Number of protein chains: 2
Amino acid sequence: MKLLEERIRKDGVIKEGNVVKVDSFLNHQMDVELFLEMAKEFKSKFASHNINKILTIESSGIGIAAIAGLEFGVPVVFAKKSKSINIDGDMYTAEVESFTHKCKNQVIVSKKFLSADDRVLIIDDFLANGCALQGLISIVNESGGTVEGIGIAIEKGFQSGGRTIRNLGFHLESLAIIDSMDAATQNVEFRQQED
Amino acid sequence: MKLLEERIRKDGVIKEGNVVKVDSFLNHQMDVELFLEMAKEFKSKFASHNINKILTIESSGIGIAAIAGLEFGVPVVFAKKSKSINIDGDMYTAEVESFTHKCKNQVIVSKKFLSADDRVLIIDDFLANGCALQGLISIVNESGGTVEGIGIAIEKGFQSGGRTIRNLGFHLESLAIIDSMDAATQNVEFRQQED
């Protein structure tokens with residue numbers, strides 16, 4: 001999506017260690033007009049699926065997913081991260097490793113809000129190694145629902161998460177895929193995609 | 001707001017200890033169409049203020065604030081909760097006590113995203129004792145910006161948070177104010193408000 005790529009070039013900051021900071025428009029301050037355009041793009045890319053629920057994970061996926069929910073006209077569920085080991089039987093759970101925070105989290109969704117009837121679009125802001133995403137897929141599978149599609153704002157194409165998910169046969173669409181970036185020059189190379 | 005009060009009566013679950021669970025439409029599964037109606041209500045209630053930024057706090061404020069951001073046409077910043085004590089100088093910080101989770105959290109906002117030019121509407125899902133809200137107000141004050149208004153979905157009117165904030169002279173609007181509730185009968189009494 002050209003609009004998002006241009007915004008990353010303009011306002012993203014590349015840090016050492018393959019980190020791209022997009023906190024001025026995506027995951028701390030949120031440009032909700034941009035989110036609306038992203039939501040329309042997701043709607044067009046997943047038009048052939050009969051999505052009836054959106055699933056995301058706290059915190060930075062929630063804004064994008066909420067506005068996508070308006071565009072799709074469906075409810076949005078956000079998975080919660082929990083360190084507690086005492087999860088009662090009313091919850092779907094998955095264990096997710098966070099590389100940024102170097103810890104393991106339980107990810108939980110109440111069983112009331114996902115079931116075999118659900119045709120789910122998973123939405124998140126970033127895809128890198130794919131651990132969080134694998135947890136969300138596992139939760140949808142546990143519920144008996146189907147993962148109809150996965151919509152990501154920014155994929156780090158040089159990490160393995162996206163390739164693995166595509167190899168597994170999922171319909172994954174990332175609005176911008178970064179193939180390489182350079183902290184010294186602030187140059188970002190995006191993967192060519194049909195728009 | 002009648003629509004929200006009716007929804008609380010229909011889908012809210014009153015638990016012992018003055019807890020009202022609204023996770024089916026507000027803070028786990030999100031009814032984004034309802035959020036849009038709430039955003040319109042906030043827009044009408046704060047029309048006389050020249051709001052140029054919305055501030056909320058992760059996680060359950062984000063969805064409501066993002067959709068309100070669309071309605072107001074302004075960017076939305078969400079404060080982050082952090083347990084780390086090493087906050088660098090680029091952050092506004094406030095300490096917030098959570099009664100639900102029985103712990104103290106640092107609440108942080110990057111200095112890049114709040115300044116003396118900002119006329120801020122603070123939005124959150126719940127107001128009870130008001131600790132989180134006081135932290136957000138403190139952060140706006142630290143930035144030199146002004147708190148133009150505070151928009152809350154559900155206020156627990158029998159706790160002191162709302163009264164304190166109104167006594168301090170802030171323009172606080174809660175879309176539903178619960179004056180009492182009863183786990184045994186599932187009865188909820190709302191404060192009469194002009195709609």
### Query
Taking the condition open to solvent by less than 50 Å² (accessible area, probe 1.4 Å), assigned to a helix (DSSP H, G or I) and farther than 21 Å from A:S44 by Cβ, does A:I139 pass?
yes
### Task
Taking A:K81 as the residue in question, decide whether it is basic (K, R), at pLDDT below 95 and surrounded by 17 or more Cβ atoms within 10 Å (Cβ to Cβ).
yes
### Looking only at the stretch B:43-78, and only at residues there that are surrounded by fewer than 17 Cβ atoms within 10 Å (Cβ to Cβ) and within 15 Å of A:D31 (Cβ to Cβ), the one that is farthest from the other protein chains (Cβ to nearest Cβ)
B:N52
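Here is a yes/no grid of residues against (1) assigned to a helix (DSSP H, G or I); (2) closer than 27 Å to B:A183 by Cβ:
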{"site": "B:F25", "(1), (2)": "no, yes"}
{"site": "B:E33", "(1), (2)": "yes, no"}
{"site": "B:E37", "(1), (2)": "yes, no"}
{"site": "B:S44", "(1), (2)": "yes, no"}
{"site": "B:A47", "(1), (2)": "no, no"}
{"site": "B:I51", "(1), (2)": "no, no"}
{"site": "B:L55", "(1), (2)": "no, no"}
{"site": "B:A65", "(1), (2)": "yes, no"}
{"site": "B:G69", "(1), (2)": "yes, no"}
### Task
Would you mention how many residues in the stretch A:165-179 are more than 17 Å from A:L4 (Cβ to Cβ) and open to solvent by less than 60 Å² (accessible area, probe 1.4 Å)?
3
## Note on the structure
Filtering the stretch B:121-157 down to residues that are hydrophobic (A, V, I, L, M, F, W, C) and closer than 17 Å to B:T93 by Cα yields B:I122, B:C131, B:A132, B:L133, B:L136, B:I137, B:I139, B:V140, B:V147
### Query
If you check every pair at least six apart or on different chains, which have Cβ atoms under 8 Å apart with a residue in the stretch B:49-64 that is touching a residue at least 40 places away in the same chain (Cβ under 8 Å) and within 17 Å of B:S82 (Cα to Cα) first and a residue that is of a type in the set (G, A, S) and open to solvent by 20 Å² or more (accessible area, probe 1.4 Å) second?
B:I57/B:A132
### Yes/no for A:K104 being in contact with an Asp or Glu (Cβ under 9 Å, 6 or more places away or on another chain) and modelled with pLDDT of 95 or more
no
### Task
Determine whether A:K2 is farther than 19 Å from A:A184 by Cβ and more than 12 Å from chain B (Cβ to nearest Cβ).
yes
#### Entry: Close pairs (6 angstrom Cβ cut-off, 6 or more residues apart or separate chains): in contact (Cβ under 8 Å) with a residue 12 or more places away in the chain in the stretch A:173-184, assigned to a strand (DSSP E or B) and not hydrophobic (A, V, I, L, M, F, W, C) anywhere
A:E173/A:G151; A:S174/A:E155; A:I177/A:E155; A:I178/A:K156; A:D179/A:E189; A:S180/A:E189; A:A183/A:K15
### Query
If you take the residues of the stretch B:20-42 that are open to solvent by less than 60 Å² (accessible area, probe 1.4 Å) and farther than 19 Å from B:E71 by Cβ, which of them is farthest from the other protein chains (Cβ to nearest Cβ)?
B:V20
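The values are calculated or read from the model by the stated rules, or taken from the named source; none is laboratory data. Treat the numbers as computed from the prediction; the structure is a model and nothing was measured. Note: ideal-geometry Cβ built from the backbone for every residue, glycine included; neighbour counts use all protein chains shown. Calculation scope for accessible area: heavy atoms of the full protein, side chains included, ligands and nucleic acids excluded. Shrake-Rupley method; radii C 1.70, N 1.55, O 1.52, S 1.80 Å.
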